[in-house]
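Asker: After the structure tokens below, expect a handful of questions from me.
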Amino acid sequence: MAALKVFIGADHGGFPLKEDLKAFLKGKDIELIDVGNLVYDNKDDYPDYAITLAKDVAKNEGSRGIIICGSGVGANIAANKVKGVRACLCHDTYSAGQGVEHDAMNVLCLGGRIVGIELAKALVTAFLDAKYSGEERHQRRLNKVLALEK
């Protein structure tokens, strides 16, 4: 089985946390792809990275994404504009895992100015370790959400 493809990206507000998470994820059984920004630039804009990441997740079935901006809110809003993306801002491990298990969340949004590295590691671990349950009640609800994209 191929390694899980995980896209990661951040603007200046999330850049330091992104770099720390990349180091944490190195050596894990995933294919990690950094969509930028690749250098710190305090004039960059979160939509550029959130939309790029969301499009990559949408066209790579079964992949996941981690997008980070200052609060996580802007990246969350932008990523959810892309068809096929279910992005959620999570600051607790229950939501990071349950969002995948019940709602087929495929993009985790983080606030680089909100969470520290230890919590971010726990959130990313919960997100990446979780699997969609496919239970009838969850699929029924997901189908209602997916119908909005048509």
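Every number here is computed from the coordinates shown, using simple stated rules; none is lab data. Owing to the predicted nature of the structure, the values given are computational and were not obtained by experimental measurement. Cβ coordinates were reconstructed from backbone atoms using ideal geometry, including for glycine residues, and neighbour counts include every protein chain displayed.
Asker: How about region 11-33: which of its residues are among the acidic types (Asp, Glu) and either assigned to a helix (DSSP H, G or I) or crowded, with 16+ Cβ neighbours inside 10 Å (or both)?
Answerer: Matches in region 11-33: Asp11, Glu19, Asp20.
Asker: A further question follows. For residues in region 102-123 being out of contact with any Lys or Arg (no Cβ under 9 Å at 6 or more places or on another chain) and not aliphatic (A, V, I, L, M), which is surrounded by the most Cβ atoms within 10 Å (Cβ to Cβ)?
Answerer: Out of the qualifying residues, it is Cys109.
Asker: Now for a separate question. Give me a count of the residues in region 124-150 that are surrounded by 15 or more Cβ atoms within 10 Å (Cβ to Cβ) and either β-branched (Val, Ile, Thr) or in contact with a Ser or Thr (Cβ under 6 Å, 6 or more places away or on another chain) (or both).
Answerer: So the count comes out to 3.
Asker: Moving to a separate point now. Is it the case that region 76-86 has a residue that's surrounded by 16 or more Cβ atoms within 10 Å (Cβ to Cβ), touching a residue at least 24 places away in the same chain (Cβ under 8 Å) and closer than 20 Å to Gly116 by Cα?
Answerer: Taking every residue of region 76-86 in turn, at least one turns out to be surrounded by 16 or more Cβ atoms within 10 Å (Cβ to Cβ), touching a residue at least 24 places away in the same chain (Cβ under 8 Å) and closer than 20 Å to Gly116 by Cα.
Asker: All but one of (1) under 23 Å from Asp103 (Cβ atoms); (2) buried (at least 20 other Cβ atoms within 10 Å of the Cβ); (3) in contact (Cβ under 8 Å) with a residue 60 or more places away in the chain hold for Tyr46, so report the exception by its number.
Answerer: (3)
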